[in-house]
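**Q** One structure is given below, represented as structure tokens, and several questions about it will come after.
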Amino acid sequence: MVETIRKDVFQLPPENPIAAGHYLLRTTVPDSSNHYLNQILIKDDVYSPKPNSQCITGVVRSSGLLGNISDGDIGVVNANGTLRVILSRNANHNTVLVTERCNNRCLFCSQPPKERDDDHLLVQAGLAIAAFQSDDIIGISGGEPLLYREKFLRFLDFVILHAPSTSLHILSNGRAFSDTGFASEIAKRCQDTSITFGIPLYSILGSNHDRLVGAHGAYRDTINGLINAGNLGIPIELRIIPTQQNYKDISTIVEFSSRCLSNIVQVSIMNLEPTGWAKNSWHNLYLSPSSYLDDLRNGIEAAIEASLPVCLFNFPLCHIPEDLWPYAVQSISDWKNYYPNECSQCQLKSKCPGYFTSSRGKFHHPPRRIEQCVNGT
Amino acid sequence: MRMLPFNFDRLDSGSIFLSNVAGFHSCLDQSEFDEFIESSATSNRTLNDLLQSKLFVSDNDNLDATQAALSSALAKKLLGELEFRPIFMIVPTLRCDHACNYCQVSRANAKASGYDLDPNAISIIVSTIKRLSPPPYKIEIQGGEPLLRMDLIKAIYDQAESQLQPGNFELVITTSLSLMDESILSWARNRAVYFSTSLDGQQEVHNANRILPSQDSYERLKHSVKRILEELGANRIATVTTVTRSLLEAPESIIEAHLELGINEMFVRPISPYGFANTKPSTEYSIAEYMTFYEKLFNTIIKHNQEGIPLVESSAAIHLKRVLIPGYSQYADLKSPSGLLLNCVLFNYDSKVYGSDETRMLQRVIGDIDFSCGEVNSLSLVKNDLYQKLISSSFNLVHPGCETCAYQPYCGSDPCQHISLMGEPVGDKSLSVFCHYHKNMFRFLLDRYYSHPPTRNILKDWCHG
Ligand code: SF4
Ligand code: SF4
Ligand code: SF4
């Protein structure tokens, strides 16, 4: 088992089962009930009777769980008796999945879309965010959250009303914004709370983008959507994932964004994640950064020229040359992040994004020696 | 594949420079260009992808998205260039100790009276600056020779410090430096004060242009620059070189003068062709002559760079930045709409407010039109009819000549120059000095940029430096 930075899934002890659902996790007995979610008390393994409180619906005795959560975290209990912490006060990123449906079929989707109706996820996400009451950013991911259209607007209204200090970062393919009416409804809500949309654009060659996202017509929608969203004042983080098919397009995507799009608050260039579908076609997709360094540099240069903030995500520092380190950020959510043994001696570890837990085995590109740093010479 | 609208121009090396309204550009060789025109594609696939990514062609499926992107880019560009981001100029005095050949209208005799700013106006000027735009502020002190009224400059600085807050503004003093002394230096030391000076070549040429009764303009300048460099540092002094007939023959003199003074960055431009005095020919030389001069200057500067002396010529940098850097519109004299008022608000010594240095000069030669936007007490920028007309007639996108010009997205327009030479703001571009100059600069620089990789690297550094 690989040690991740933060463990997020726990097997619940079978003695006193907890019904499936979302819960507010408490480490002390609350003196009031929560408006949004039922509360369960997490205790250590030592037996103690269930406190006599109306406010909690169950007790879980698990030192492992207790040691990994804080009072007020949100967990989901599944029918098979596992508990997954979905919103954690100790996490570096909190992301809530609101749907598994999508109108794209990206070759490297980390969360391969399913067709089934899953509206309940959106409702539960709203409740979880409201119960969590964070003044930090919460990520909203899918699937494609904006497929919900009207329901998504209601979800935003709910969050704005019930968790007013929470900021949202929403991952979307941006296609829904090609509908100007819908885009303006979202734009209105962006005035009330801090919302950023992370929208990927993989090429300015329509057919190339469409091929990578597995959907004909996606490019048209995404381009029109990006134009609308930006012009309406919706803050956009533009995401580029270089693959074998589009690494040459990095700098033209950046130039396009700087000339044609408005309100791009950040350009994020992301190293491919070996999860989901990406694993299937890894060998046709993945390209080691060292083989497209010039394209990467030109893209970064184009962004700097246009005063667009630019970041590299998920690039282990030893895979990119030193002049690019200032752009690399620690980005991988801690529950899927790990550092292989080779990293323990590395002086850059505290600044390095490290690896995806899923990049073990055949997907793993081992850490490399950085002459001047690894041994501190 | 569908071709979308673009303009093009043939460079000296034979390459064709293409641009579109979104501001994308590309450079093709003749055969690629012919193929492209013939069949909307060249035989080079990478180039085709590039042309498509830059919106010169579109696949049929995505035509509407490509068109939307082009218009979005145009809108973004226009909005950016319409932004009100002025430099504030203040003229404390029109008097000057110099009597330079080419400066007939923007000076008065050093002993004359009635050409100085009323000290009581300073506080209103500074509060007007504060009202007009958010920080940071750039305040440029113009003349005449402003050092004749160091007291007013200090008062302006003090007002700025109290009203705009230290750290929010910088003061640039445009001066010949002939009156610079140690007390000014020590005053400037811990203040956000910068100097900008005219340097017209080495001793002989400079003194022939910059006429002081004592005939030692260059020596004084040299001494002052040296002291500024020693006491304040290289970032506190910048030069401007105005090329006159005599300098046309001596490009090396400009470089030598800068090297002699220890300044690496120069800003060289042709003399402005304003036909202020009707008795004088509108320009002293043709742009063709200027370009011959500029090419020599440029080549020598590049040679110095290759030998490790990092000289920079800012006019070149500005032209290239316009092409290469999306959204670059910081230079008031090369943008469309023109930088008039949008990028400059000038407070004249007589309390009148102008939209540029050139409008106040126009005022002195064309007395019967009011070129000001009122007095500082009764300022009305938005409602001013004249400026509305001037700015709205300065969108080169719709100017005859410009609308088919490959440099249109990067070029600008100069309504004042066209008024002074042709009596109306748009100007006949086939006769316009503004057009000839900029067209030739773009042509020349882009040709060097694309035909000579070592030069390109140097030019890139200039743009990013
Ligand atoms: S847009 Fe692509 S990556 Fe995102 S959920 Fe849909 S298929 Fe997956
Ligand atoms: S050795 Fe590990 S910690 Fe060091 S740079 Fe590489 S991946 Fe990062
Ligand atoms: S002024 Fe001349 S160079 Fe500039 S855009 Fe117009 S035609 Fe072109």
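The values are calculated or read from the model by the stated rules, or taken from the named source; none is laboratory data. No experiment lies behind these values; they were computed from the predicted model shown. Ideal geometry is used to build each Cβ from the backbone, glycine not excepted, and the neighbour counts take in all protein chains shown. Remember, those area values only see protein heavy atoms, side chains included, never the ligands or the DNA or RNA. Shrake-Rupley method; radii C 1.70, N 1.55, O 1.52, S 1.80 Å.
**Q** Determine the residues within the range A:243-259 where the difference in accessible area between the chain on its own and the full set of protein chains amounts to at least 40 Å²; count protein heavy atoms only and use a 1.4 Å probe.
**A** A:T252, A:E255, A:R259
**Q** Taking the Cα centre of the protein assembly as shown as the origin, how large is its charge dipole in debye, to the nearest 20, when only Lys and Arg (+1) and Asp and Glu (-1) carry charge on their Cβ atoms? List each step's numbers first, then the result.
**A** Values: 74 positive and 90 negative charges, 302 e Å.
In total the dipole reaches around 1460 debye.
**Q** Let me ask something additional. Note down the relative contact order for chain A as a percent, whole number, built from C-alpha pairs under 8 angstrom at least six residues apart.
**A** After rounding, I find 13 percent.
**Q** What whole-number value in Å² describes the accessible area per residue of the range B:4-59 for a 1.4 Å probe?
**A** On the way: 2290 Å² over 56 residues.
With the other protein chains kept in place, the range B:4-59 gives 41 Å² per residue.
**Q** Give me the 1.4 Å probe accessible area per residue for the range B:234-337, excluding ligands and nucleic acids, in Å². Spell out each step's value before the answer.
**A** On the way: 4070 Å² over 104 residues.
For the range B:234-337, the solvent-accessible area averages 39 Å² per residue.
**Q** Are there residues in the range B:74-91 whose accessible area shrinks by at least 30 Å² when all protein chains are included rather than the chain by itself, and which are they (probe 1.4 Å, ligands and nucleic acids not counted)?
**A** B:K76
**Q** Further question: Considering every residue in A:222-233, what mean count of other chain Cβ atoms within 10 Å of its Cβ is obtained?
**A** Working: counts 1, 7, 6, 1, 4, 8, 2, 0, 2, 4, 0, 0.
Across A:222-233, the average partner-chain Cβ count within 10 Å equals 3.
**Q** Suppose we compare each residue of the range B:316-330 in its chain alone and in the full protein complex with a 1.4 Å probe; which ones drop by at least 40 Å² of accessible area?
**A** B:P326
**Q** Along the charge dipole of chain A, which of A:G206, A:T275, A:A176 sits closest to the positive end, that is, farthest toward it, with unit charges on the beta carbon of Lys, Arg, Asp and Glu (+1, +1, -1, -1)?
**A** Toward the positive end, the furthest listed residue is A:T275.
**Q** Count the DSSP beta bridges whose two residues both fall in chain B, then state the antiparallel fraction as a percent rounded to the nearest 5. Mind dumping the intermediate values first?
**A** Working: 14 of 41 bridges.
Here the share of antiparallel DSSP bridges comes out near 35 percent.
**Q** For the protein assembly as shown, give the share of DSSP beta bridges that are antiparallel, in percent and rounded to the nearest 5; count only bridges with both residues there. It would help to have the intermediate numbers written out before the result.
**A** Numbers: 28 of 91 bridges.
So the antiparallel bridges in the protein assembly as shown amount to around 30 percent.
**Q** Report, to one decimal in Å, the Kirkwood hydrodynamic radius for chain A based on all distinct Cα pairs. Could you put the intermediate results ahead of the total?
**A** Working: mean 1/r = 0.0453 Å⁻¹.
One over the average 1/r among Cα pairs gives 22.1 Å for chain A.
**Q** Specify the angular offset, from 0 to 90 degrees and rounded to the nearest 10, of the alpha carbon long axis of helix A:150-162 from the longest principal axis of the alpha carbons in chain A.
**A** Once rounded, the angle reads 60 degrees.
**Q** Take the cross-link list A:K279/A:K351; B:K76/B:K335; A:K151/A:K188; B:K130/B:K389; A:K248/B:K54 and give me the ones stretching past 18 Å between alpha-carbons. Intermediate values should be presented prior to the final figure.
**A** Values: A:K279/A:K351 27 Å; B:K76/B:K335 14 Å; A:K151/A:K188 15 Å; B:K130/B:K389 26 Å; A:K248/B:K54 14 Å.
Cα-Cα > 18 Å for A:K279/A:K351; B:K130/B:K389; rest within.
**Q** Where the accessible area of the range B:259-363 is counted over protein heavy atoms with a 1.4 Å probe, how much of it, in %, is carbon and sulfur? Walk me through the numbers on the way to the answer.
**A** Numbers: 1860 of 3700 Å².
Carbon plus sulfur share of accessible area: 50 percent.
**Q** Count the net charge of all other residues whose Cβ sits under 12 Å from the Cβ of A:S194, scoring Lys and Arg as +1 and Asp and Glu as -1. Provide the component values of the computation, followed by the final result.
**A** Numbers: positive: A:R189; negative: A:D135, A:D136, A:D192.
Here the charged neighbours net out to -2.
**Q** Near B:E289, within a Cβ-to-Cβ distance under 12 Å, what is the net charge of the other residues, with Lys and Arg +1 and Asp and Glu -1?
**A** Value of the local net charge: -1.
**Q** Per the Cauchy relation, a quarter of the hull surface: what is the mean projected area of the convex hull of the alpha carbons in the protein assembly as shown, in nm²?
**A** Details: hull surface 165.8 nm².
Across all orientations, the protein assembly as shown yields a mean hull projection of 41.4 nm².
**Q** First check a/c for the range A:243-327, with a ≥ b ≥ c the square roots of the eigenvalues of its C-alpha gyration tensor; if it is under 1.5, answer rounded, and if not, answer prolate when a/b is larger than b/c or oblate otherwise. Don't skip to the end; give the middle numbers.
**A** Values: a/c = 1.93, a/b = 1.46, b/c = 1.32.
Note, shape of the range A:243-327 comes out prolate.
**Q** Just check the range A:22-66 against the gyration tensor rule for me: Cα atoms, a ≥ b ≥ c as the square roots of the eigenvalues, rounded for a/c under 1.5, and otherwise prolate or oblate depending on whether a/b exceeds b/c.
**A** Details: a/c = 2.52, a/b = 1.51, b/c = 1.67.
Because a/c hits 1.5 or more and a/b fails to exceed b/c, the range A:22-66 counts as oblate.
**Q** Still on this model: Rounded if a/c is under 1.5, else prolate if a/b is larger than b/c, else oblate: which is the range A:150-218, with a ≥ b ≥ c the root eigenvalues of its Cα gyration tensor? Kindly include the intermediate steps, with their values, before the conclusion.
**A** Details: a/c = 2.97, a/b = 2.27, b/c = 1.31.
Because a/c hits 1.5 or more and a/b exceeds b/c, the range A:150-218 counts as prolate.
**Q** What's the magnitude of the charge dipole for the range A:203-289 around its Cα centre, counting Lys and Arg as +1 and Asp and Glu as -1 at the beta-carbon? Answer in Debye, nearest 20. Before the final figure, lay out the partial values.
**A** Working: 6 positive and 6 negative charges, 21 e Å.
With Lys and Arg at +1 and Asp and Glu at -1, about 100 debye.
**Q** A follow-up question, please. Only Cα pairs under 8 Å and at least 6 apart count here; give the relative contact order of chain B as a rounded whole percent. Walk me through the intermediate numbers first.
**A** Values: 770 pairs, mean separation 72.3, N = 465.
The value is 16 percent.
**Q** So in chain A, what percent of DSSP beta bridges are antiparallel if you round to the nearest 5?
**A** Counting DSSP beta bridges with both partners in chain A, the antiparallel share is about 30 percent.
**Q** Quick one: putting +1 on the C-beta of Lys and Arg, -1 on the C-beta of Asp and Glu, what dipole do you get for the range B:336-429 around its Cα centre, in Debye to the nearest 20?
**A** I would put it at about 140 debye.
**Q** With a 1.4 Å probe and all protein chains left in place, how much of the accessible area of the range B:111-227 comes from carbon and sulfur atoms, in whole percent? If you can, show how the numbers build up before the last one.
**A** Numbers: 2470 of 5150 Å².
The C+S portion of the solvent-accessible surface of the range B:111-227 is 48 percent.
**Q** Output the 0 to 90 degree angle, nearest 10, between the alpha-carbon long axis of helix A:218-231 and the longest principal axis computed from the alpha carbons of chain A.
**A** That helix lies at roughly 80 degrees to the long axis.
**Q** Any idea of the accessible area per residue across chain A, 1.4 Å probe, to the nearest Å²? Walk me through the numbers before you get to the answer.
**A** Values: 15950 Å² over 377 residues.
I get 42 Å² per residue for chain A.
**Q** Can you give the helix-only mean residue ellipticity at 222 nm for the protein assembly as shown, where every DSSP H stretch with n ≥ 4 adds -39500 (n - 2.57) and the sum goes over all residues, rounded to the nearest 500 deg cm²/dmol? Please list the in-between numbers first.
**A** Working: 27 runs with 298 residues, N = 842.
Calculated at 222 nm, the ellipticity per residue is -10500 deg cm²/dmol.
**Q** I've got another one for you. Output the Cα-based Rg and Dmax of the range B:1-139 in Å, rounding Rg to one decimal and Dmax to a whole number.
**A** 25.9, 73
**Q** Separate question: Counting only other residues whose beta carbon sits under 15 Å from that of B:S186, what net charge do I get with K and R as +1, D and E as -1?
**A** +1
**Q** While we're looking at this one, here's another question. Taking 56 Å as R0, compute the FRET efficiency from the Cβ-Cβ separation of B:L79 and A:S48 and round it to 0.05. Please report the intermediate quantities before stating the final value.
**A** On the way: r = 66 Å, r/R0 = 1.17.
The pair B:L79/A:S48 has a calculated efficiency of 0.30.
**Q** At 1.4 Å probe size, with the rest of the protein present, what percent of the exposed accessible area of chain A is carbon and sulfur atoms? Walk me through the intermediate numbers first.
**A** Working: 7810 of 15950 Å².
Within chain A, the accessible surface is 49 percent carbon and sulfur.
**Q** Between chains B and A, what is the buried accessible area summed over both chains (1.4 Å probe, protein heavy atoms, nearest 100 Å²)? Mind showing how you got there, number by number?
**A** On the way: alone 20140 and 17000 Å², together 35040 Å².
Using a 1.4 Å probe on protein heavy atoms, the buried area is about 2100 Å².
**Q** Now a separate question. Projected onto the charge dipole of the protein assembly as shown (+1 at Lys/Arg Cβ, -1 at Asp/Glu Cβ, origin at the Cα centre), which of A:N52, B:L212, B:F36 gives the Cα projection farthest towards the positive end?
**A** Checking the options against the dipole of the protein assembly as shown, the answer is A:N52.
**Q** May I pose another question? Averaged over peptide B:43-56, how many Cβ atoms belonging to another chain are found within 10 Å of each residue's Cβ?
**A** Details: counts 0, 0, 0, 1, 0, 1, 7, 5, 0, 7, 11, 5, 4, 0.
Across the residues of B:43-56, the mean count of other-chain Cβ atoms within 10 Å is 3.
**Q** Also, quick follow-up: How high is the relative contact order of the range A:176-221? Use alpha-carbon pairs under 8 Å, at least six apart in sequence, and give a whole percent.
**A** Details: 21 pairs, mean separation 13.6, N = 46.
Relative CO of the range A:176-221 lands at 30 percent.
**Q** Using only the alpha-carbon atoms, what does chain B span along each of its principal axes? Please give whole angstrom values in decreasing order.
**A** 70, 52, 47
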